Every structure is written in structure tokens, then in C-alpha cells.
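Read the figures in this text as sums done on the coordinates, not as results from a lab. These figures come from a predicted structure and were not determined experimentally. A quick note on method: Cβ atoms are made from the backbone with ideal geometry, for glycine too, and the neighbour counts reach across all protein chains shown.
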Amino acid sequence: MNGLRAVIEEEIRERGPIPFSGYMESCLYHPQFGYYSRSAEQFGKAGDFYTSSDVHAVFGRLLVRQFDEMWQALGSPDHIVIKELGAGRGLFAQDVMDWAEKKSPDFLRALQYELVEQSPALRQRIAATLQRRFESGQVTFGSLEQSDDCPVIVFANEFFDAIPVEVVSASGSLRIDARDGRFVESWAATSPEESEYLDRYSAPPEQGERLEVGLQSQELMSTAIGFERGFVVVVDYGYTRQEQLAGRHRGTIKAIRRHAVSGSPYEAPGEQDITADVNFTALEAAVEQQGFRAEKLVTQSQFLMGIGEDTQFADAFEDCRLPQERAKVALQLKHLVTPAGMGESFHVLVASKGVAEEKTASLSGLSFGKRNLRARS
Ligand SMILES: C[S@@+](CC[C@H](N)C(=O)[O-])C[C@H]1O[C@@H](n2cnc3c(N)ncnc32)[C@H](O)[C@@H]1O
């Protein structure tokens, strides 16, 4: 029998039916059997999914340009922390450090890079990948909480889609029970917090549909941004309340295995990924409650095009010697920016605190299309 199934059934026997968030938490993060705890082989071609850092180093390279601009917008302080939430295998951090060393040495001198990653298997992987950087002390493992008072850039790529959610329908809030070796669903009364979340950031569920409530993401975000000056950059697939009201993204839980959506989150617990699209309206509210100013949401395409357009993506092609290499990189870049790839389904939330409004607004990632217009007018 699947080890995690036995653990969850035991928990249900002791405590009664569990909320969906508890089920998702065990499936992804149980210390022994959880999907992210077991090994580091979930990512990339041989695994279950690709993230932008798996596609090409250009994602990290472009972000270096953006982080450098953010550091300058903060007045080029002597110390700045990048705190990466859910760092996975550490590929993004590696790309950022390598590229900053090459292209942004002044920014690199000020930089302390903190990786927040809870999976022991992934932490081991990160420590091996970034060994030299750990030895120099410039890269460390960090926690969500803020440890000193220098400016911070919180960065999260595909982090919030992996945070457990509640599932709510017109019948109430989902509970998972176990009967005859199977998980079965039942419904409990919706809590006041869940109802308030739906009222403010989502919509009332109609008959037969299920919506997600990301209370845990709200809490994680609030904990991660307890600083006075800096930025938040969240990249993920997701939606706004407006889109939900227009009938889209109403029920987005997916179980993913070997690059395909699997039938049910209750199959093979711990052996498949479970995700929910990110509610950006709720995340915006969480940052605003901490005194941040959230900028208008942009697509990953607009964001990366804004950063790369000035140099015609020279960062991507820099190491290519042969035409075939250029062609391959062009395809990878296309995947990151076009609607058929990740360009339109992924969005980027940028928020700032203690930074002049016009400095944030003129960041290249938020200026796609605007600079050409300005230059022409
Ligand atoms: C979908 S993966 C994305 C990894 C990486 N950002 C990337 O783009 O390749 C989500 C990551 O968040 C981590 N994670 C989830 N909840 C966390 C928490 N509360 N604290 C730290 N890491 C967490 C998971 O272990 C996993 O590595």
C-alpha cells in the first residue's frame, strides 16, 4: 500500500475528516512521503513539470537586470537581500549569481542571497549546486521572517501555486474522509474566514462548482514581507477576481504527473504534484495590508519583453557560438514569452515599499511598450 495513503487514513481515523488543505499539505510536504520531500526529481524533462528556470538560464539573467534596477531605485544601498521563496533546486539562484558576477559586479557586492526552501531533499540539492557560493557566505538558507533591517527583494517563482488551499462549494468547505481504502469527499460549514475571502477576492460558488480559498498564501506573504524598504516580485500562473467574475478560473486544482494532468488528486498521494492557480487579487491585498504599493499586474511576456527589449535579449544569446545553438536558445526564449508557452498564462506581481512611485513605475519589467511610445511622442 502507498505509505502516505496509510498515514493520511490513520490521521482521519484519529481526528475525523480533514480539510482539503490538510490533505494537500500531506501530499506535498509530509516529511517522509510528501511529493517535495521524497527527492529532487520532480523538475525538468525526466520529472513531472518544467519551471522557467528549467527552460533556460535567460530567465535568471533577465531578472538580474531587474533586480539591479530595483537596487538602484533604492539608492544603491551597501546591503540588499534577495529572499527567494520556494527555491526548488536552486537553479534560479545559480543563474542570478553567475550573471550578476559577470554583468552587475556592483550590485553583486551589495547582495546577500537567502534561499527559503522547506524540502530537505531539495535543500541538499541546493547546497551541492551552490557549494562555492555557500562557502563564501554570500548565499545562505533563510527563513520567511526578516532577520535584519536592510532593504529586501522577495522573489517567488511558482511558489504560491504549491501552497495548500481550501476548496469551497455551494455545499460548504471540502473535507476528506476515508472509507474502504478510498478517500471520499464530504462538506462542512464554510468558516467565516473562508466566506470573507470569497467575498473580497473571489466570488460565491455556483451550484456544482468549486472555488479555492488561499488563506495560507495570504499568511505566508504577510510573514515574508515584514520589512520597511524593498520589493516583492511574484511570478506564477493565476487570475484576478475580475477574471473569476467573468467566469474564468473557477476551480483550478490540478494533479500533475509526468507533464500531464492526472485524473484525480486522490490517486497515488505523494507521487503526483497538486497545484492551484494563484489568486493575484488576494496576494495584492496581502501586500497592501503590509503598506506595499502593488503595481498593475503584467503578463510574464510583458515583463520579460520589457526587460529584454533594449538589448534584444543579448543576455540569452551571449554564450552561443554556432547557429544551431542560437536557434535552440531562440526556441527556449519563445517558450518563456509567447502565449503558446508560458508568456500569457504566467503573470508577474510587482509591489514596493519605501520607494518613490515613479521609480517603481519606470522599472523595465513594467515598461514594455511604454518606452517606445515615450520616445516617439
Ligand atoms: C513548484 S516548486 C517551484 C520551485 C522553484 N521556484 C522553481 O521555479 O523551479 C515550489 C517549491 O516551494 C517549496 N515550498 C513550498 N512551501 C514552502 C514553505 N512554506 N517554505 C519554503 N519552501 C516551500 C517546495 O518545496 C518547492 O520546492
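Just one of the numbered conditions (1) within 15 Å of the ligand (Cβ to nearest atom); (2) more than 22 Å from PHE231 (Cα to Cα) is not true of TYR23: (1). When the strands (runs of 3 or more DSSP E) confined to the range 110-226 are screened for residues that are touching a Lys or Arg at 6+ places or on another chain (Cβ under 6 Å) and either within 16 Å of the ligand (Cβ to nearest atom) or more than 24 Å from LEU28 (Cα to Cα) (or both), none reaches at least 3 such residues.
Listed by position, the helices (runs of 4 or more DSSP H) inside the range 248-347 whose residues that are within 16 Å of the ligand (Cβ to nearest atom) number at least 3 are 300-308, 323-337.
For the range 58-92, filtering for residues that are within 24 Å of GLU41 (Cβ to Cβ) and either touching a Lys or Arg at 6+ places or on another chain (Cβ under 8 Å) or surrounded by fewer than 19 Cβ atoms within 10 Å (Cβ to Cβ) (or both) leaves 2.
Cβ-Cβ distances below 6 Å connect the following pairs, each with a first residue in the range 116-144 that is over 11 Å from GLN94 (Cβ atoms), a second residue that is within 14 Å of the ligand (Cβ to nearest atom) and part of a helix (DSSP H, G or I), and a separation of six or more residues or different chains: GLU117/ARG123; SER119/TYR36; SER119/SER37; LEU144/THR223; LEU144/ALA224.
Taking the residues in the range 26-60 that are under 24 Å from PHE317 (Cα atoms) and part of a loop (DSSP other than H, G, I, E, B) as candidates, determine which candidate is nearest to the ligand (Cβ to nearest atom). This residue is THR51.
Quickly run through the range 1-57 and pick out the residues that are crowded, with 19+ Cβ neighbours inside 10 Å and small (Gly, Ala, Ser). Within the range 1-57, SER21, SER26, GLY34, ALA40, SER52, SER53, ALA57 qualify. In the condition set (1) of a type in the set (Phe, Trp, Tyr); (2) surrounded by fewer than 23 Cβ atoms within 10 Å (Cβ to Cβ); (3) in contact (Cβ under 8 Å) with a residue 40 or more places away in the chain; (4) within 16 Å of the ligand (Cβ to nearest atom), PHE107 is compliant with all but (4).
Within the range 357-366, the only residue that satisfies the criterion of being in a loop (DSSP other than H, G, I, E, B) and either over 18 Å from VAL154 (Cα atoms) or under 17 Å from the mean Cα position of the chain (by Cα) (or both) is SER362. How many of the residues in the range 61-101 are assigned to a loop (DSSP other than H, G, I, E, B) and in contact with an Asp or Glu (Cβ under 6 Å, 6 or more places away or on another chain)? Qualifying residue count for the region: 1.
Being of a type outside the set (A, V, I, L, M, F, W, C), in contact (Cβ under 8 Å) with a residue 60 or more places away in the chain and in contact with a strand residue (DSSP E or B) (Cβ under 6 Å, 6 or more places away or on another chain) is the filter; apply it to the range 244-287 and report the residue that is farthest from ILE8 (Cα to Cα).
Among residues in the range 244-287 that are of a type outside the set (A, V, I, L, M, F, W, C), in contact (Cβ under 8 Å) with a residue 60 or more places away in the chain and in contact with a strand residue (DSSP E or B) (Cβ under 6 Å, 6 or more places away or on another chain), the one farthest from ILE8 (Cα to Cα) is GLU284.
For ALA6, the conditions (1) aliphatic (A, V, I, L, M); (2) free of Cβ contacts under 8 Å to residues at least 24 places away in the same chain; (3) assigned to a loop (DSSP other than H, G, I, E, B) all hold with the exception of (3).
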